[in-house]
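Colleague: Dumping the structure here so I can ask a few things about it.
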Amino acid sequence: MAQQFVNSKIKADKVVVFIKPTCPYCRRTIDLLKQLPIKQESLEFVDITAQGDINAIQDYLEQLTGARTVPRVFIGKDCIGGCSDLLTLQQNGQLLPKLQQIGVLQ
């Protein structure tokens with residue numbers, strides 16, 4: 001169930017972030033991504049606390065990405081990591097080119 005749920009959200013032409021709304025790192029990630037010129041339909045924040053089994057979802061995210069913490073940021077089918085990884089990509093000037101590669105910029 002968790003595997004099917006997570007896999008159904010990850011798309012090659014989307015930015016998907018698995019979050020918990022109360023997590024400060026999730027909020028920072030959301031704020032950063034919302035400031036970028038990403039097409040609205042290409043950006044999705046998935047609240048895992050609204051799902052049935054949070055632990056199963058986090059266990060599967062760990063299997064898939066090597067970490068069970070949130071946020072888990074997927075640019076296309078690639079997990080780039082969490083909040084600090086996203087900030088590093090932005091600071092290094094690599095974030096916008098990655099987003100452009102998958103065609104999500106306006």
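Colleague: Any chance you could run the full-extension gain for K77 through Q63? It's 0.36 nm times the residue separation minus the Cα-Cα distance, nm to one decimal.
Modeller: Here the segment from K77 to Q63 would lengthen by 3.6 nm.
Colleague: Quick one: 3J(HN,Hα) in Hz for the stretch 12-25, Karplus 6.51/-1.76/1.60 with θ = phi - 60°, rounded, Gly and Pro as x.
Modeller: 5, 10, 9, 9, 10, 10, 8, 9, 10, x, 8, 6, x, 5
Colleague: Run through all the Cα pairs of the stretch 2-101 and give the fraction in each 10 Å bin from 0, expressed as whole percent.
Modeller: Final binned percentages: 16, 54, 28, 3.
Colleague: ³J(HN,Hα) across the stretch 89-106 via Karplus (A = 6.51, B = -1.76, C = 1.60, θ = phi - 60°), whole Hz, x for Gly/Pro?
Modeller: Whole-Hz 3J(HN,Hα) from phi for the stretch 89-106: 4, 5, 5, 7, x, 9, 5, 4, x, 4, 5, 5, 4, 9, x, 9, 7, 6.
Colleague: OK, next. Please tell me the relative contact order of the stretch 2-101 in percent, rounded to the nearest whole number, where contacts are Cα pairs under 8 Å and at least six residues apart.
Modeller: 34
Colleague: So, one more: How many angstrom lie between the C-alpha centres of the stretch 1-76 and the stretch 83-106?
Modeller: Using only Cα atoms, the two centres lie 16 Å from each other.
Colleague: Still on this structure, please answer the following. Please give the FRET efficiency for L96 paired with D53, using the beta carbon to beta carbon distance and R0 = 25 Å, rounded to the nearest 0.05.
Modeller: On the way: r = 35 Å, r/R0 = 1.42.
That pair, L96 with D53, gives E of 0.10.
Colleague: Also: Quick one: which residues, 5 or more positions from G81 or on another chain, have an amide H under 5 Å from its amide H? H modelled 1.01 Å from N in the peptide plane, none for Pro or chain starts.
Modeller: Here V73 satisfy the definition.
Each value in this text was obtained by applying a stated rule to the coordinates, not by laboratory testing. Worth saying up front: this structure is predicted, and the values here are computed from it rather than measured. Cβ sites come from the backbone with ideal geometry, for glycine too, and all protein chains shown count toward neighbours.
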